[in-house]
1. Are any of the residues in segment 213-224 among the charged types (D, E, K, R), surrounded by fewer than 18 Cβ atoms within 10 Å (Cβ to Cβ) and either touching a residue at least 12 places away in the same chain (Cβ under 8 Å) or in a strand (DSSP E or B) (or both)?
2. On the given criteria, is residue 47 free of Cβ contacts under 8 Å to residues at least 40 places away in the same chain, among the hydrophobic types (A, V, I, L, M, F, W, C) and either surrounded by fewer than 21 Cβ atoms within 10 Å (Cβ to Cβ) or at positive phi (or both)?
3. Inside segment 245-276, can you point out the residues that are over 21 Å from residue 235 (Cα atoms), touching a helix residue (DSSP H, G or I) at 6+ places or on another chain (Cβ under 8 Å) and among the hydrophobic types (A, V, I, L, M, F, W, C)?
4. Are any residues in segment 79-110 more than 11 Å from residue 162 (Cβ to Cβ), buried (at least 24 other Cβ atoms within 10 Å of the Cβ) and among the charged types (D, E, K, R), and if so, which ones?
5. Within segment 225-275, how many residues are in a helix (DSSP H, G or I) and among the hydrophobic types (A, V, I, L, M, F, W, C)?
6. Would you mind telling me which numbered condition in (1) over 30 Å from residue 344 (Cβ atoms); (2) in contact (Cβ under 8 Å) with a residue 24 or more places away in the chain residue 246 fails?
7. All but one of (1) open to solvent by 20 Å² or more (accessible area, probe 1.4 Å); (2) touching an Asp or Glu at 6+ places or on another chain (Cβ under 9 Å); (3) among the small types (Gly, Ala, Ser) hold for residue 128; state the number of the condition that does not hold.
Amino acid sequence: MSQSGKNGLTYSDAGVDIDAGNLLVEKIKPAVRSTRRPGADGEIGGFGGLFDLKAAGFTDPILVAANDGVGTKLKIAIDANYHDTVGIDLVAMCVNDLVVQGAEPLFFLDYFATGKLDTDQGAAIVTGIAAGCREAGCALLGGETAEMPGMYSDGDYDLAGFAVGAAERHELLPTRDITEGDVILGLSSSGVHSNGFSLVRKIVTLSGLAWDAPAPFAEGKTLGEALLTPTRIYVKPLLKAIRETKALKALAHITGGGFPENIPRVLPKHLAAEIDLSAVKVPPVFSWLARTGGVAAHEMLRTFNCGVGMIVVVASENVDAVTKSLEAEGEAVIVLGRMIGRAEGAAGTVYQGTLAL
């Protein structure tokens, strides 16, 4: 029997298309180019991305790094066949974690893994990543596209993002002077952001609604579209407020774990955050999720942001100046609570009032 059939195998026969990978790189070059900023002006395609810290204008910088993914929100994008915005989520989840340390995002790298590379799908995802990078002011410096048949089913993919930022040493957050009586401000979220989507998907299954059904909580949008609303990127308004007012003491990005898990991460052990839940303007999506899934308020609070995507700690005398700075950049700001004393072993977040679900 001839062996020529065996000897004729190619990588393409194994399910990996090198030409598709090269085509994707060419397709995304304009999107990547649109994210250039001082310090980064190279072209993708090399083995590594270069960044000139001096050209970015820093004098005594501390580098800050963060990485994250989009979680099972990607399953909705896949099932609804809408891939334009998950790239924004990917960037947001990373850069919002940088700015809470007082850092300006400088550059971003992405990792995109799929079972079979669809260049249109890949280009839509990377175009979203580039949009997120522009909004955060960071360069999309490079990335990795991995076609892995047998690891992912056809149509499935996963994303991971890596962001590096810098802060002048004296501007790092949190500061060391957080004290009782300091005020906690809340910045509105755009919706569910990118946490709790395993529960969201379970609730959608219970509702019996299809992804292309009208969203019960968002007029003019399908359910899939509404739930894929991208995570808000708070970087530019917060950096402006940090630099203009010099009054921000701490920031916390409200992700998985909600208020109880995320706020105490930036507080001294002797202080707790007293949150007035009645001050929160709860977006309709959370009311729908709670009602449809029969989810209790305390479970909502430890799973979702419930309408507040970022908290800001300031001294009481600086509330007006910081609020004014943030509102001028389009943020919706509420007075969410204040710092109180905390006994050893006590919770880092305590609640007043009730959540208007």
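The values are calculated or read from the model by the stated rules, or taken from the named source; none is laboratory data. Since we're looking at a predicted model, the values are computed, not measured. Don't worry about glycine lacking a Cβ; one is built from the backbone with ideal geometry, like all the others, and counts go over all protein chains shown. For the accessible areas, the whole protein counts, side chains as well, though only heavy atoms, and no ligand, DNA or RNA atoms are used. Shrake-Rupley method; radii C 1.70, N 1.55, O 1.52, S 1.80 Å.
1. Among the residues of segment 213-224, not one is among the charged types (D, E, K, R), surrounded by fewer than 18 Cβ atoms within 10 Å (Cβ to Cβ) and either touching a residue at least 12 places away in the same chain (Cβ under 8 Å) or in a strand (DSSP E or B) (or both), which makes the answer no.
2. In short, yes.
3. 272, 273, 275
4. 89, 104
5. The number of residues fulfilling the criteria is 10.
6. If we test residue 246 against (1) over 30 Å from residue 344 (Cβ atoms); (2) in contact (Cβ under 8 Å) with a residue 24 or more places away in the chain, just (2) comes out false.
7. It fails just one condition, (1).
Residues are listed down the side, and each one gets a yes or a no for (1) in a loop (DSSP other than H, G, I, E, B); (2) in contact (Cβ under 8 Å) with a residue 40 or more places away in the chain; (3) closer than 29 Å to residue 155 by Cβ:
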residue: 58; (1), (2), (3): yes, yes, no
residue: 65; (1), (2), (3): no, yes, no
residue: 71; (1), (2), (3): yes, yes, yes
residue: 83; (1), (2), (3): yes, yes, yes
